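The values are calculated or read from the model by the stated rules, or taken from the named source; none is laboratory data. Every value quoted in this text rests on a predicted model; they were computed, and no experiment measured them. Here the Cβ is made from the backbone with ideal geometry for all residues, glycine too, and neighbour counts use every protein chain on show. Note: accessible area is taken over every heavy atom of the protein model, side chains too, but ligands, DNA and RNA are not part of it. Shrake-Rupley method; radii C 1.70, N 1.55, O 1.52, S 1.80 Å.
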Amino acid sequence: MLPGAQNLANPTNLYETLGVEKEATPEDIKKAYRKAALKWHPDKNQDNPNAAAERFNQVKEAYEVLSDKEKRKFYDQHGMEGLKLKEAFENMDPGTLFQAFLASSASLRCCLVLFLFIVYAIFALFPIFLSLRVDGTVSWAWAAVFSPLFVCCGCGMSCILCMGGRPNPADEETNLPQGDQPPPPKRGKIAVSFLTMGSCLAFVVLLSQWLDGKLDVSFLVVCIPGFIFEFLCLAESLYEACPRSKYEKMLHERTDPRVLLFPSYVEFISHTLTVAGLRTLQWVFLVLKEDSSPAMSWWLVLLPCWLFCAYSLFRLFLRASRLKHQDQLLGNENGGAMGATDEDSPELQKDSLVGIVGQGCLSLPLAICIILLAARLSGGLGGSLAVVFSPLFAVTGCFFCCICLPIFCMRSTPAQGEWQAEGEEGNMEAGTA
């Protein structure tokens, strides 16, 4: 009789397959694998070799996942189905997907373009509504003007709630008592993200009511959710990278692409504090302008924006100069902090170059918009408010066209074998004629 035939039913998770606890060490997993592999090897179970072979393969698969640190971590968070989906996506050939897209029908491409247009329209509605309201073209309430922001904040909070309410598949498979179920991972981070999005929504609601004259409070009270938002963003950034050992682990494992832009822990912390400080200072200047010093020039009120633009330009030049010394920064020769290899260098350099160009393309029109806004608020620029947003409309419109036009213009080309087959058919037809 097959040993352990009474337990031949498929186990509920990989840990049960090897007979170890979820907190087992790599040494425990290795010992359990050797024991289970010897127990279920088909050569030692001649009475029922097929069932033993199936169980042996399960043991082998469980060991391949649990012995790999990254696979085990992903399995604990998303379960076996999530791991298989991740591996299938990573092993997917991009060329095959691209060829399938090129061979798609015109209706599918129209649906894709329509989806992109809807997304673009949602983000463009707020500046359009704002321009119409400020120019006096419409007399809507400010709550209606801010309605696109209400929709965006509501959708964001709904998505965060869905992420927080989703159970952990790996925990569902453990068959532990309800009281012993471990909490889903990163629940604290999801809560902070929900509060951050909620503070944005609260600020928009208070601002719309204050502008409509329905809220008789100082502008400082209206901006309290904005200060809460900045505090939560700073706390989340520092929590993800503090202490230093946690940051070095993120840098080594490359779990967060943001830390790859900062070779040292001190640079990352200083950058985070600088950006948070400038944004908070901008809130303070706006409160001072509205509540205490109405005569303050808007060019002075937007001083934190000018400092932020200068800092962003400095960061662009710094990243560009580091591209010239990529090998030294990656530590290929001396085993630097990032510990990358020569094979990783071209990919990281390409990503950095794309990031620099993308940041530059977004920062330049945004800086022009801030200059035009300061000129208009100071009385030096007349006309419609849409002129202020025109640089953003131009850049996003060009980006939208650059994405949509290739969707319709690209067509699939026959493979080399198809060309040869068509050529042979043409020769046969010519010979027959």
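Miscellaneous remarks
- Test: residue in the stretch 272-280 that is more than 20 Å from residue 356 (Cβ to Cβ), β-branched (Val, Ile, Thr) and in contact (Cβ under 8 Å) with a residue 60 or more places away in the chain: no
- When the residues of the stretch 139-153 are filtered to those that are of a type outside the set (Phe, Trp, Tyr) and open to solvent by less than 30 Å² (accessible area, probe 1.4 Å), the one that is modelled with the highest pLDDT is 145.
- Qualifying position, being under 30 Å from the mean Cα position of the chain (by Cα), among the aliphatic types (A, V, I, L, M), at pLDDT 90 or above and assigned to a helix (DSSP H, G or I), among 238, 195: 195
- In summary, residue 275 fulfils each of the numbered conditions (1) modelled with pLDDT under 90; (2) surrounded by 16 or more Cβ atoms within 10 Å (Cβ to Cβ); (3) closer than 26 Å to residue 195 by Cβ with the single exception of condition (1).
- Residue that is farthest from residue 365 (Cα to Cα), among those in the stretch 293-311 that are touching a residue at least 24 places away in the same chain (Cβ under 8 Å) and assigned to a loop (DSSP other than H, G, I, E, B): 297
- Boolean, residue 215 is outside any helix (DSSP H, G or I) and closer than 15 Å to residue 146 by Cβ: yes
- Only a single item in (1) closer than 21 Å to residue 227 by Cβ; (2) open to solvent by 30 Å² or more (accessible area, probe 1.4 Å) is not met by residue 314, and it is number (1).
- Of all residues in the stretch 185-226 being in contact with a helix residue (DSSP H, G or I) (Cβ under 6 Å, 6 or more places away or on another chain) and of a type in the set (Val, Ile, Thr), the one that is nearest to residue 141 (Cα to Cα): 204
- One residue stands out among those in the stretch 352-379 that are of a type in the set (Gly, Ala, Ser) and within 22 Å of residue 307 (Cα to Cα): the one that is surrounded by the most Cβ atoms within 10 Å (Cβ to Cβ), which is 374.
- Within the stretch 346-367, the only residue that satisfies the criterion of being touching a helix residue (DSSP H, G or I) at 6+ places or on another chain (Cβ under 6 Å) and modelled with pLDDT under 50 is 349.
- Residues in the stretch 382-404 that are open to solvent by 50 Å² or more (accessible area, probe 1.4 Å) and over 20 Å from residue 118 (Cα atoms): 382, 383, 387.
- Just one of the numbered conditions (1) surrounded by fewer than 16 Cβ atoms within 10 Å (Cβ to Cβ); (2) of a type in the set (S, T, N, Q); (3) over 28 Å from residue 134 (Cβ atoms) is not true of residue 297: (3).
- Out of 291, 327, one residue alone is modelled with pLDDT under 90, of a type in the set (Asp, Glu) and open to solvent by 50 Å² or more (accessible area, probe 1.4 Å). It is 327.
- The C-beta contact set for the stretch 18-40 (first residue open to solvent by less than 70 Å² (accessible area, probe 1.4 Å), second residue among the acidic types (Asp, Glu), distance under 7 angstrom, 6+ apart or interchain) comprises 20/28.
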